[in-house]
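A.B. asks: Just passing along the structure, written as structure tokens.
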Amino acid sequence: MTSYSGRVAFITGGASGAGFGQAGVFGRAGARIAIADIRRDALDRAVDELREQGIDALGIPLDVTDRRAYAAAADSVEDHFGEPVTLLFNTAGVNGFGSVEAMTVEDYDWLLGVNLGGVVNGLCTFVPRMIAARRGGHVVSVASIGGFEGGRMTAPYSAAKAAVISLMESYATVLPDHGIGVTVLCPANIRSGIADAHATRPEPAEGTGVVTDDDFVDALREVYSHGMDPEHLAIHLERAMAAGELYAIPYPEVRDDLERKFGAVLDVIPEVDELVPDGAERRLRALARFRAAARDRAQEAPRA
């Protein structure tokens, strides 16, 4: 997709950071912008800033983990613009750092709920509408470079982002048949306020393993202050979308780590299974039969 003029974009987490960068870049490219965010004050300020740039913008207060509210937000956006959403940006995200063995179920509920559940809610709300509209479009979900590898202090976050990457890979096998592009954006450091994400969290019922003391949060703010500018990140994203790329990873500094990670995975795979030398060939034949049957079934399924 290279033209966004007149299309309606729905961007979660749009009041700041990566989401606000996307709102500015795609709004100036001609899209009409609906930004959703849980922080009403930040949302109002962001809408004012976008409108000052001449962007047709709407603010929607939304907790992305609330499915009913999500459906109502989708209805409101379509009613306001008189057009279906054909650009979906699942950008809202939170992080909480804490040693993996100290994390509580409430920590997992919060971090998985926003970072994975919010994406699922966005996809399940808007993708059927996009298909039914028959106008094509593009779906973007923001994962993270952290989704490619776990970490001692980022276990729930990394797990959620890994799931988002896999989820978008799955959607990419289907949505292009409907003229809908799919991109998963995997940033490293972004200049954003994610160090203070815990301020939007519901109170944990049984304690937390997330570290929120002032010294630690100040150190995080310092790290994020050196991150990529959100609008620059959005420009890289737009280029990936225009090129039809599934992955957008505009951080040269992560190449060595990814080569090490995937190289380590490949290194443990044997050339031949010594116990059953023809086992791999037999399994591949069975898998090929299954895939052919699945393709036939998909082709027989009624289209919206």
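All of the numbers you see were taken from the coordinates with simple rules; none came from a lab. Computed from a prediction, not measured in an experiment: that's the story for all the values here. Here Cβ is always computed from backbone atoms with ideal geometry, including for glycine, and neighbour counts include all displayed protein chains.
A.B. asks: Express the relative contact order of the chain as a whole percentage, based on alpha carbon pairs under 8 Å and six or more residues apart in sequence.
C.D. replies: That works out to 18 percent.
A.B. asks: Could you run the Karplus curve 6.51 cos²θ - 1.76 cosθ + 1.60 with θ = phi - 60° over segment 281-296 and give me ³J(HN,Hα) per residue in whole Hz, x for Gly and Pro?
C.D. replies: Those phi angles translate into 5, 5, 5, 5, 5, 5, 5, 5, 5, 5, 5, 5, 5, 5, 4, 4 Hz.
A.B. asks: Could you give me the ³J(HN,Hα) list for segment 265-270, computed from phi with Karplus coefficients 6.51, -1.76, 1.60 and θ = phi - 60°, whole Hz, x at Gly and Pro?
C.D. replies: Once rounded to whole Hz, the list reads 5, 5, 5, 8, 8, x.
A.B. asks: Something else about it: So how do 59-68, 32-41 stack up, highest first, on mean other-Cβ count within 10 Å?
C.D. replies: On the way: 59-68: 18.7, 32-41: 22.2.
So the peptides 59-68, 32-41, ranked by packing, come out 32-41, 59-68.
A.B. asks: Another question, if that's okay. I need the calculated FRET efficiency for the pair His232 and Ala298, taking r as the beta carbon distance and R₀ as 41 Å, to the nearest 0.05.
C.D. replies: Working: r = 39 Å, r/R0 = 0.94.
That pair, His232 with Ala298, gives E of 0.60.
A.B. asks: Same structure, new question: Name the residues whose placed amide hydrogens come within less than 5 Å of the amide hydrogen of Val182, ignoring near sequence neighbours (fewer than 5 apart) on the same chain.
C.D. replies: Val139
A.B. asks: Please rank His226, His138, His178, fewest neighbouring Cβ atoms within 10 Å first, as an exposure proxy.
C.D. replies: His226, His178, His138
A.B. asks: With Cβ to Cβ distances under 12 Å as the rule, what net charge do the other residues near Arg129 carry (K, R +1; D, E -1)?
C.D. replies: Residues near Arg129 contribute -1 overall.
A.B. asks: So if R0 is 22 Å, what FRET efficiency would Asp56 and Arg239 give, r being the distance between their Cβ atoms, rounded to the nearest 0.05?
C.D. replies: About 0.40, to the nearest 0.05.
A.B. asks: Another question, if that's okay. Quick one: order Met241, Met168 by neighbouring beta-carbon count within 10 Å, fewest to most.
C.D. replies: On the way: Met241 22, Met168 25.
The fewest-first ordering by Cβ neighbours comes to Met241, Met168.
A.B. asks: Ranked by Cβ crowding within 10 angstrom, fewest neighbours first, how are Thr86, Thr212, Thr12, Thr173 ordered?
C.D. replies: So the ranking, lowest neighbour count to highest, is Thr173, Thr212, Thr86, Thr12.
A.B. asks: With each pseudo-label sitting 7 Å past Cα toward Cβ, what's the Glu222-Asp109 distance in nm, one decimal?
C.D. replies: 3.5 nm
A.B. asks: Tell me the net charge near Glu83. Cut-off is 12 Å between Cβ atoms, Glu83 excluded, with +1 for each Lys or Arg and -1 for each Asp or Glu.
C.D. replies: So the environment of Glu83 carries a net charge of +1.
A.B. asks: For the residue pair Thr200 and Leu258, what label-to-label distance in nm results when each label sits 7 Å from Cα along the Cα-to-beta-carbon direction?
C.D. replies: 2.6 nm
A.B. asks: Taking 0.36 nm per intervening residue step and subtracting the Cα-Cα distance, what contour gain separates Asp75 from Ser3 on full extension?
C.D. replies: Answer, rounded to one decimal: 23.5 nm.
A.B. asks: Using a Gaussian network for the chain with springs between C-alpha atoms less than 10 Å apart, which of these wobbles most: Ala293, Ala92, Ala143?
C.D. replies: Of Ala293, Ala92, Ala143, the most mobile in the Gaussian network model is Ala293.
A.B. asks: Would you mind computing, in nm to one decimal, how far apart the modelled labels at Ala29 and Leu266 are, each placed 7 Å from Cα along Cα→Cβ?
C.D. replies: Between Ala29 and Leu266, the label points sit 3.2 nm apart.
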